[in-house]
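Shown next, in structure tokens, is the structure this report addresses.
Nothing in this text is a laboratory measurement; each read-out follows from the coordinates by a stated rule. What you see is a predicted model, and the numbers here were worked out from it, not measured in a lab. So basically every Cβ, Gly included, is an ideal-geometry build from the backbone, and we count neighbours across all protein chains shown.
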Amino acid sequence: MSSSLIFVELDSFYVKALGMTGSQPAVIHRDKQVLDLNQAAEVRGLTRSMGLAEAKAMLGGEGLYVAWESDPYSQARDSWLDVLTAYADVIEPISQHQCFIDLSAHPDPIEVATLVQVALEKTTGLSVKLGIGSCRWIAQLRTAIPSQTLDSLAVSRLPFDKVITQRLNALGCRTIGDVAQIPQSQLKLHFDKLAHLILQASRGHGPAEVVAAYPPNSIANRFIFDGAVESREVIENGMRHICKSVGGKLVEEGLFSKQLIVWLEPEDGAIERRERTFGKPIGSPASLFVGLSQLLARLDQPLVSIRVRLPDLQAKRRVQRTLAGITANDAKDDSVQNALSQLRSKFGNQSIFLADHVPMERYQRVRQAWRAVNGWSWK
């Protein structure tokens, strides 16, 4: 299955978060570069990613310069990333205004990308750029150059540093298509171990893994039906598939959550969100199925897919009741603990000892030491 990655970028995210939309030219900078700027600064000819020294030379004392810090934008970042959780399970923020999402499992990722863009622009009021590609660097490239063919782009668009692209230019390569025509043996003479990566990139390949990093401390999965279905039996089969996958991972990693979020996607694409916080934790396939069944007890229309997310994951304690009930071992542990508590309350805390805490007579301790040193018993 080919990858379908989406790169998402919000314009003017930082200046809007700080309310810097007035007539004074304003710049937010990071690592001596312009990270964001308002319209008044753009009118003066400034651009994002230009050097801070150059920006100050152009604006002089008229400009407002704010150094980037993470905290002022954290809430705004979470707000727009939360919008994405209705459409994707695998979201990897790479900055507070940019992220990758992986829609490879969706049957129509382009349609979802359109819905994402509309939802983000409506929620944030910002211009949103989206790029779609089979790998990370292509998806990011397509936010700036959405339609031009890869072969016709300048070598500088390859995902390598300036030194590499300058050496490719010296070999007579002006476009990415030129690089794709060079035999790998010749590239290896000039670039050694990088030769294979350069050739693969020139053909539109590259790293395609997106890390599910948002929301943090959560687990999610999706089941896509073969068309729109309304049969309860078919829907429950999909539910069991999700529960086996997600619940199995919870058991394997020793985690649980008390909150369950479900997105139901009907044929018309109008996604419905349902969620509930349970009194007992969900930490296994069985308990997840119980919770999911409660949320999906009522279904108003045929479904195309079901998405499930368990947020706020926590580590299980040694004895843990679940939504589906307790195991026999759990019951036995509880019974033993209750009996011990009653004995201690009646006869005192010192009435019961662990086996290795039982006092021994002096001669028994001497024999034990003799055996440990000599390897044979006392006769």
Relative contact order of the chain, defined on C-alpha pairs under 8 angstrom at six or more residues apart (%): 13
Alpha carbon Rg of the chain, scaled by the compact-globule rule 2.2 N^0.38 Å: 1.44
Cross-link table 244/280; 32/129; 56/129; 16/56; 129/280; 129/162, entries beyond 31 Å C-alpha to C-alpha: 129/280
Coil-residue GluC sites (Glu not before Pro) of the stretch 68-121, DSSP, other Cβ within 10 Å capped at 16: 69
GNM top mover of 91, 138, 198 - the chain, alpha-carbon springs below 10 Å: 198
Gaussian network model of the chain, Cα within-10 Å springs - most flexible of 12, 79, 70: 70
The stretch 148-202, dipole about Cα centre (Lys/Arg Cβ +1, Asp/Glu Cβ -1), debye to the nearest 20: 100
Order of 296, 250, 153 under a 10 Å beta carbon neighbour criterion, fewest first: 153, 296, 250
Most positive-pole-ward Cα, 181, 159, 41, against dipole of the chain from beta carbon charges: 159
Between 0 and 90°, nearest 10: helix 328-347 axis offset from the chain longest Cα axis: 50
Cα-centred dipole magnitude for the chain, charges only on beta-carbon of K, R (+1) and D, E (-1), debye, nearest 20: 1960
In degrees, nearest ten, helix 74-84 long axis to first principal axis of the chain (Cα): 90
Computed helical MRE - 222 nm, the chain, DSSP H runs ≥ 4 contributing -39500 (n - 2.57), nearest 500: -12000 deg cm²/dmol
Residue of 205, 196, 97 that the Gaussian network model of the chain assigns the largest fluctuation, springs spanning Cα pairs under 10 Å: 196
